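Student: One structure follows; several queries about it will come next.
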Amino acid sequence: MKGFDSKFLTELKLKCDIADVVGRYVHLERRGGNFWGRCPFHHEKTPSFCVNEQEQFYYCFGCHKSGDVITFVKEMESVDFSDAVKILAEKAKMPLPEVEYDDEKVKEQKRKRQRVLDLLKDAAMFYVHNLSDGKAGKHIEYIYKRNLTPATVTRFGLGASLDYDGLPTYLKSKGYTKEEMTASGAVGEKNDKVYDALAGRLIIPVIDAFNNVVAFCGRIIEKKENVGKYVNTKETIVFSKGKTLFNINNVKKVKNEEGIKDIIIVEGHMDVISLVQAGIKNVVASMGTALTKDQARLLKRYVETVYICYDDDFAGQKATIRGLEILKEEGLDVKVISLPDGMDPDDAVNKLGADGYRQFIVGAKPLIDFKIDVLKKTFDIKTTDGKRKFVTAALKVIKESPSAAEQEDLLKEVRNLTGITFESLKRELFGLEKSETDKQEIVTPTFSDDSGNKTLIAARFVLASYIFGKPYAYETDINELNFTLPVHNEIKDYINAKKRAGEKVRFNDLYESLAEEGEEELSRLAGLETEENKQFDKTVYFADCVRILKIAAINEEMNKLISLAKTETDLERRKELTVKISELLNKKNKLATRRYI
C-alpha cells in the first residue's frame, strides 16, 4: 500500500477518526448518521460535503471528490502520501515504520527530494556562517540600516552570499553533484559552470510548514540598475511559489503555542520581518505573486479570518481585489488594511510602531467596501461619463451583497458621491437583479456518463453493496458476476482476498490499494453509499442489478459464438454453436424481467 505496511495503515486510520480530522479544517454538523459541511475543495453556499464516520470516508455531492482520512490530509496540506501519513502518525503518536517502496520511480523521486532538502539546509547554514565570519560587512551594514535585531536575524535564519563561487564550492565539498545543486534552485549553471544564483545578496530562507528550507529569497544590498531588489530561487521539486507562504512555519508555531484568530498577508519578505520584530507575529507573505487557491487553502488550515495588506498603489489595490476574491471563494472572512501616503507595511510599522499599525487593522474594510473605494479612484465622477460608469460599476458590486441592510448603506454612499437620488439607484439595482439570472448551485449525486449505460450503473451499485456490507449482497456469490472495467475487477479481487482471509471489507482501504486511476470510481461508489434515498427497495434493486450484469455477460458470450458460427465451415461444429446460442438465449429470457433498471 504505497510503501507502508497495510496493517500499519489500518491501525493509523482506526486511531485517526475522520470526523475529528476533517473537523479541524471544516465546520461539521451531524445530520442523520453522517456529518455535513461546506466542501473545502470547491466554493459552495449549501453544505454538500458528507463525512461518513461509520465507514471512515468523505464524499462531496457538488464536486464528487471522495477519500479516506489520508487522502483528505494529503489534499488539504498539499503534500504527498508519505507526508500525509507522517502528519497523521504524529497526531496519533505512532512511530513511523521503515518504508520499502516497490516502485523504483517512487523510490528515486523520494531520494531526489530528500537530497534537495538536505542540500538546501546545508546551503542555509553556509549563508548563516558567512554572515557571522567577519567578511559580510556590507550585509551587516544593511541589517543595521533596517534596524533588525540579532534575535530577528536568528529567528528568520538570515544569511549572506559573498560571491558566485563560495556556495557551489562548499556544496561540492559536502558531496553534492552538479545536477543536485542545480535541481535545488540555489545554484545556477551557465556555459557548463555553476554559480550561486543569489550571489552578493542578503539571504532569506523560505521555510515550509514542516520546517524544511525549500527555497531562498535574495535582497540586493547595493543599488544596481535593471536588477530586482528581491529574487526568489526557481521553482523546484520542493518549491512552488503558488503553494508557499513565507513565514508560515513561524505562524504555525505561534498558533500551537499561543493561538491566533487571524492572519495578515503582505507582499514582501521584509514586510513580514519588520512586523514580526514589532510583535505582530501572525503575518505571512505571498511570495510576490498573486494569491492562489492553494495559498488560500493553506491559510484556511490555521484561521477563518484573513487581513490583506498590500502596497497602497493602484496596481497593488487591483491585486488586492483578486486576492480577496480567491480567499472569499475558499470560505475565509477577508478584510483589507489600507495604509496612508503610499506606505508599505514595513514603512508603517517602522514609522508608527506596532500600536500605530494595529490601528489600521482595526479600521480594515470588508471586500465590498474596498471595491467601491477602488472604483472611486478608477472613474472621474466630476465628469458626466465618469459618473455614469462609476454608478454602473458600483451597482454591480453592491448587487454582490446578500444583505439588504448593507446594500442600502452602500447605495447611500453612492448617492452622496454622485448626487443621484436614492430611489433612482434602488430602482436601478432592482432592475439589475431582475435582468441578471443568479447562478444556482446544483448538487446532484449522479454522473453524466451513467445515463444510458445500464451495465455500468448496475456494476457500481453491486460493488458498493458488497463493499459496504449490505446483507442482501452476500446472498449472491460475487464470483458469479463479470465486470468489464479493470478497476471493478480490482475491487472484486480485494473483496475475495478479504473473504479468504476472514477479514472485514473496509472501503477506505481501497484508497491505498488501488492505483490513482481508480480514485474516480471510488468517488462514485462513495456517492452511492452516501446518498440517503429511501424511496426504493434496495434489496430488489440489487437483484435487478445482478440480473443486468448476468445478461450483459450472456450477451457478450452470445456475440462471440455468433461471430464464430458465421465463419465456421464445419457443419457439425456449426450446429453445436447454434445449440449453445439457443441455450444462452433461453437463459437470458428467464433473467429479462426487471423492476428498476
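Student: Do we have K504 as surrounded by fewer than 18 Cβ atoms within 10 Å (Cβ to Cβ), part of a helix (DSSP H, G or I) and at pLDDT below 85 here?
Tutor: In short, no.
Student: Answer yes or no: is there a residue in segment 108-131 that is touching a residue at least 40 places away in the same chain (Cβ under 8 Å), open to solvent by 40 Å² or more (accessible area, probe 1.4 Å) and on the phi > 0 side of the Ramachandran plot.
Tutor: No - not one qualifying residue is present in segment 108-131.
Student: Any residue in segment 230-241 that's over 11 Å from A183 (Cβ atoms) and among the charged types (D, E, K, R): show its pairings with residues that are open to solvent by less than 70 Å² (accessible area, probe 1.4 Å) and assigned to a loop (DSSP other than H, G, I, E, B) at Cβ separation under 7 Å, as long as the two are six or more apart or on different chains.
Tutor: Taking only residues 6 or more apart or on different chains, the pairs are K241/M287; K241/T289.
Student: Go through the residues of segment 442-456 one by one and say whether even a single one is modelled with pLDDT of 75 or more and either under 26 Å from V85 (Cα atoms) or among the charged types (D, E, K, R) (or both).
Tutor: Yes, segment 442-456 contains a residue that is modelled with pLDDT of 75 or more and either under 26 Å from V85 (Cα atoms) or among the charged types (D, E, K, R) (or both).
Student: What's the number of the condition E90 fails, among (1) within 24 Å of I207 (Cβ to Cβ); (2) surrounded by 15 or more Cβ atoms within 10 Å (Cβ to Cβ)?
Tutor: (2)
Student: Look through E520, E583 and report the one residue that is open to solvent by 60 Å² or more (accessible area, probe 1.4 Å), within 38 Å of the chain's Cα centre (by Cα) and modelled with pLDDT of 75 or more.
Tutor: Residue meeting the stated conditions: E520.
Student: Between S173, S82, S132, S161, which is among the hydroxyl-bearing types (S, T, Y) and under 30 Å from D5 (Cα atoms)?
Tutor: On inspection, the qualifying residue turns out to be S82.
Student: Here's something else I'd like to know. Within segment 167-180, can you find the residues that are more than 10 Å from Y195 (Cβ to Cβ), assigned to a helix (DSSP H, G or I) and in contact (Cβ under 8 Å) with a residue 40 or more places away in the chain?
Tutor: Residues satisfying the conditions are Y170, L171, E180.
Student: Tell me which helices (runs of 4 or more DSSP H) are completely within segment 28-140 and hold 3 or more residues being basic (K, R), or say none if there are none.
Tutor: In segment 28-140, the matching helices (runs of 4 or more DSSP H) lie at 104-132.
Student: For segment 213-251, how many residues meet the condition of being buried (at least 17 other Cβ atoms within 10 Å of the Cβ) and within 14 Å of V79 (Cβ to Cβ)?
Tutor: Total satisfying the criteria: 6.
Student: Something else: Mind checking which residues of segment 1-16 are open to solvent by less than 50 Å² (accessible area, probe 1.4 Å), over 21 Å from Y302 (Cβ atoms) and in a loop (DSSP other than H, G, I, E, B)?
Tutor: G3, F4
Residues checked against (1) of a type in the set (V, I, T); (2) in a loop (DSSP other than H, G, I, E, B):
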| residue | (1), (2) |
| --- | --- |
| I368 | yes, no |
| I372 | yes, no |
| L375 | no, no |
| D380 | no, yes |
| G386 | no, no |
| Q407 | no, no |
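The values are calculated or read from the model by the stated rules, or taken from the named source; none is laboratory data. Since the model is a prediction, treat every value here as computed from it, not as a measurement. Positions of Cβ are backbone-derived with ideal geometry, glycine not excepted, and every protein chain shown enters the neighbour counts. Accessible surface areas use protein heavy atoms only, side chains included; no ligands, DNA or RNA. Shrake-Rupley method; radii C 1.70, N 1.55, O 1.52, S 1.80 Å.
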